[in-house]
1. In Å, what is the Rg of the alpha-carbon atoms in region 1-43, and how long is Dmax?
2. What value in Å³ per residue do you get for the convex hull of the alpha-carbon atoms in region 232-275?
3. Show me the three semi-axes of the equivalent ellipsoid for region 202-270, from the C-alpha gyration tensor (sqrt of 5 times each eigenvalue), largest first, rounded to whole Å.
4. Taking neighbour Cβ counts within 10 Å as the exposure measure, how do 257, 23 sort from fewest upward?
5. Taking only C-alpha pairs under 8 Å that are 6+ residues apart, what is the relative contact order of region 105-195 in percent?
6. Return the tail of the calculated pair distribution for region 118-227, meaning the percent of Cα-Cα pairs more than 19 Å apart.
7. Would you mind ranking 61, 116, 33 by Cβ crowding within 10 Å, fewest neighbours first?
8. Go ahead and set up a Gaussian network model of the chain, Cα springs under 10 Å, then flag whichever of 102, 190, 77 fluctuates most.
Ligand code: PAF
C-alpha cells in the first residue's frame, strides 16, 4: 500500500489512473470501513482510502480533539484489506489556508434530522468530500448506509455538480447483537455496550409496525422515543421518512426509519430501510 501525505504525493501515486474507487474515512477503522474497501476493490482498478479527521464537521462542543486516532492499526487493517493507496493528509496539507470556500448542501436535505441537531455538519462533510474528490478524482466513491443521510446528501451534491463519480452505498455492518458498527461505539462503557443493542431493536420494532400495516407514523415514532427514554436513553429523534428524499412519507413510498439517541455521553445513530 502506498501512503500519500500531501496532494502532490497523492497525484504521484495515482499517476494517470482513471478508475480509482475511493473510500473516505476519519480513521479508527472497523469491519464496517473494511467492507467499504472490499467493495471498492470490486469496482475500480485501484482502491484508494483516505484518513482525515475533518475539523469542519465538528461543532465546538463535539469530540474533534478526542476522536480516536489509531494510525498504526488503521494502516495494518488497510494493508490486510488490500487497499492500494492511502491518502492521509494532515490539516496543513488539506487546508493550507482557512477553507473559506465551502459547499452548502440543499437545506431541505441537510438541515433536517442530523443537520437539525448538528447545524453545519453537512456543510463540513460536503466541503471535505468535495475537496477529497478533487484530490483523488475517483470514478467510484463508496459510503456506508449507516450514515444514511450523509450518503443522500453526497449523492445529491454529486448530481447537482455533475461530478463524474458513481456513489455506491454499502449495507451497514452490525455486531452480532445488531449494534451498527461505529467508531463512537468505542466510547461506550461495558453496561452501555450491552444496552446499545436497544437502538437497532427499537428500529426493528418500528419497521415491523409499518410492515404490519400501522399507518400512524407519528404514533410509531413517539412509541420508539418513549421506549428508549424509559431505558435511560436521550433520543434526538426517531423518524419514519421516505427513502427517496427523507421527507415525511406519503402512502406507498418506500420508507426508512432513522434514529439518533444519546446513551450516557455517547451519541449513536442508526437506520433501517423498510422493504
Ligand atoms: O463518514 C465519515 O467518516 C465522514 O463524514 C467522511 C465522509 C469521511 C467525511 O469526513
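Since every read-out is calculated from the coordinates, none of them should be taken as a lab result. Bear in mind the structure is a predicted one, so any value in this text is a computation, not a measurement. A quick note on method: Cβ atoms are made from the backbone with ideal geometry, for glycine too, and the neighbour counts reach across all protein chains shown.
1. 11.7, 30
2. 70
3. 22, 13, 8
4. 257, 23
5. 25
6. 61
7. Listed from fewest to most nearby Cβ atoms, that is 61, 116, 33.
8. 190
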